[in-house]
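Report on the structure given below.
Read-outs throughout are calculated quantities, based only on the coordinates presented, and are distinct from any laboratory measurement. Everything numeric here is computed off the predicted structure, so don't read it as measured data. In this analysis, Cβ positions are derived from the backbone assuming ideal geometry, glycine residues included, and neighbour counts consider all displayed protein chains.
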């Protein structure tokens, strides 16, 4: 049985499991703080990584700091979803916040890059639950028909963190010390007060029904999923450095594939207790939306990886200025997510939005593929606004479509799976983008040098991409050579954007196969309450019939 509870001092909701708009906003404040922790952390750390590597004497090991966080956050996402379906969302969301705060405090004490990587892995365990559980909890509280009303709040979190991250990261990294503590350590310590506030708000205001039914935890399934995903993520992150065809890369790919192959029959054997119940893949909306999420994630992160590089390398902007110049992208996300959310609430229709979103993203990538050294900044920022518009139409709509298509008892699985596939797509999108960028860079520089009639001896140092590991050397080159190198970078980035555009073609086609299920007018909790009441009545009838 499920029960609806209301916090002391709050007005009664409209019905069992329902909350008023004001109550939703109070709960939402805690969820958004949790999400802000995870989204801010990614942007603030990436801005300061170069400084951190210098201070800890470990520039060559900095990739492990990023990889450790990525691996644990990705792997833990589906586990949070399933366990929260079985035992309730609130304790796991509180756990995610707490472990993220603890990981942040530990990161601030790190004295080597490898220690920092270990602490970032702890942070990642918390981050895996912050995003997916926040969306799942909103699914519990708000009917799908009204969920679009709150889209702009979530998109605003991403927008603020994307702008504030580079600014704060640049500020803290640029300080030798603050209150006697190394400036870069405050990049992690800033999470502590935000996390404590989020814990307080969630603990006080989030009241969800308690789940009392007995369940088994699929430890073997969790282990196989981990063994399948981690090696593939490692190859995606480090394959360019190790060599895609090296023995290490091929061995890890083999381990990952074998583990995932074994994961499938294990999930079939576990049935409803499975980490990822196979029956959800029989739902066309779930399967198609997950595939689109993977492709959109690959395109989004692949494109967003190259865009800051274009601003910082080709245009010579600082990380802080580059972050501020991304504001049009965020404005596009907020505006279209708010407008599409309002339309969904009024009409109950949503299929058109991912169709339009992937088409607009495709158009934006074609626009980005025209960027050059001389492209005016206003033009680049216009392209950003177009890309943001596509993302705002797509991201949240895919989550809502899956939450609406699966039964309320699968809210966690539905939400975490879409997040999981988008994260996996993002990882491979970044790997593809960087492989193309640095794989084509030297050839493009040489082609530009030939066009500029520069003697071959001038570019002798550029035998491979490692010569540009430190891009600050570009500023020391003679003007003619510098121009050629920057044009080579721009050409390689154009190739990346064109490749990303190709990924969006199947995503666009697949959106037409998303079956538009009428948006429910009940929240997840209300629907679960009704299901539980119906089951109880049915059990009573069966008992009475048996007695007669």
Restricting to DSSP H runs of at least four residues, report the calculated mean residue ellipticity at 222 nm for the chain, -39500 (n - 2.57) per run over all residues, nearest 500 deg cm²/dmol.
-25500 deg cm²/dmol
Please rank 154, 438, fewest neighbouring Cβ atoms within 10 Å first, as an exposure proxy.
438, 154
Hey, with R₀ at 45 Å, roughly what FRET efficiency would residue 446 and residue 200 work out to, going by the Cβ-Cβ distance, to 0.05?
0.15
Extension gain (nm, one decimal) between residue 248 and residue 321, 0.36 nm per residue minus Cα-Cα
22.4 nm
Output the peptides 99-105, 172-178, 120-126, 507-513 sorted from most to least packed, where packing is the average of other Cβ atoms within 10 Å over each peptide's residues.
120-126, 99-105, 507-513, 172-178
Do you know the relative contact order of the chain, to the nearest whole percent, from alpha carbon pairs under 8 angstrom that are 6+ apart?
23
Mean Cβ neighbour count within 10 Å, used as a protection proxy, ranking 401-409, 233-241 highest first
401-409, 233-241
Post the alpha-carbon centroid distance, the stretch 233-272 to the stretch 103-119, in whole angstrom.
27
